[in-house]
């Protein structure tokens, strides 16, 4: 019997050498074939591990890239959480009329893809006689006028859980909870496995199946790294309580647009805030309480 | 569950005590008309006030029908007729607010037409009409002042913009009007079909 050539030590080292050359060549070809920006993006560190200079470099690269594509200056903000702030949200189910103004204000403010369509807010139409019943609800209602008699409306978006299952399930830590309670995604770190989407009990996370399309004239150029900056294909996105607005003291876009004033937003740690007034004085519930996700999004009855 | 009798008596006593009108709350509920001097209790900062005169609520100008304000432009030269009747003017106003007995001068002031009049006789400008509405809708007024009822814009940690009741509710017909909803989301099945074309 012929001796196995693989047993030959010289043969084995030659194979290892060729393998190493191959890997180096393909990596070299990849890196040589793309420009510096792509190379930098490829080797970019996790957002939380970037030091000050690295972060500045990343932001400069992104701003340059987005501005070139948009044909107008686009800013990428990295404002961190304020001290002593834990954001909370309250929504008055007795006021909401299901007009969906919030849905489209959110799309506009946060640069969601128009086609394929992504909505961070889903408004559910429910029957008054059945009460809050997700399985019987209809997100596709298309009546001429709202509210329809005998129905009420329940907008659902990211509940900014204090115990978020989506964060636990992410295999690469591309999503995490910030000190102000907002659950964010680093689109440069997300690998698009969609584990977080299946973990979220509220259907609040959305996947970019194709390159997101946002009309250039409608692109909101005031963006935050962890929020509404343009996303690539293949990443997950979600409501951030308009991090680009709320961290500068402004109300989220959905609060500002609501024609019936059903949406309340503020600091849960401030006893005088609107959300605390609601929690202290109204009948409040959280969605799917039994799952122990501890949402910071409260539904209430203002009547 | 029934409470033992002594405990029941105690609870009843507490309730009746807490319901006894105290001197300090009375003037706040019925503030004297302007110019009649203020009562001492009125100055207590924490006294509950049905009429928050003096508190600062930044509101945009009242939503007048075009050309009607100031009312005195027409009414100054007109004689005041206090009898209830079908009006020859303002026929676009259909009063659907409260009991049938309600009419113009329950809220509008017959002498100075550019002001509204509280039940106490105090006059308030249209820009503070919430004080008028708050006379009957005290619970809503309370919620509105802390930001629970009604829309707030501006800054969650700073300057806020309020709206007058009348910006959302037509004071003559306050029920919120139905709206046409924006389009429903595209069903996932339809998104797929579009990509396959």
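Out of the range B:145-164, which residues are in a helix (DSSP H, G or I) and at the interface with another protein chain (Cβ under 9 Å from one of its Cβ atoms)? Residue satisfying the conditions is B:146 alone.
Checked against (1) buried (at least 17 other Cβ atoms within 10 Å of the Cβ); (2) within 8 Å of another protein chain (Cβ to nearest Cβ); (3) assigned to a loop (DSSP other than H, G, I, E, B); (4) touching a strand residue (DSSP E or B) at 6+ places or on another chain (Cβ under 9 Å), residue A:103 passes all but a single condition, namely (3).
Give the residues of the range A:196-230 that are surrounded by 19 or more Cβ atoms within 10 Å (Cβ to Cβ) and free of Cβ contacts under 8 Å to residues at least 60 places away in the same chain, sorted by residue number. Residues satisfying the conditions are A:196, A:200, A:205. Report, by residue number, each residue of the range B:183-195 that is at the interface with another protein chain (Cβ under 9 Å from one of its Cβ atoms) and either at pLDDT below 95 or crowded, with 17+ Cβ neighbours inside 10 Å (or both). Passing the criteria: B:184, B:185, B:186, B:187, B:191, B:194, B:195.
Within the range B:128-144, if we keep just the residues that are more than 17 Å from residue A:260 (Cβ to Cβ) and in a loop (DSSP other than H, G, I, E, B), the residue that is farthest from the other protein chains (Cβ to nearest Cβ) turns out to be B:135. Restricting attention to the range A:234-251 and to residues that are more than 14 Å from the chain's Cα centre (by Cα) and in a loop (DSSP other than H, G, I, E, B), the residue that is nearest to residue B:152 (Cα to Cα) turns out to be A:251.
The values are calculated or read from the model by the stated rules, or taken from the named source; none is laboratory data. Computed from a prediction, not measured in an experiment: that's the story for all the values here. Glycine gets a Cβ as well: all are built from the backbone with ideal geometry, and neighbour counts include every protein chain shown.
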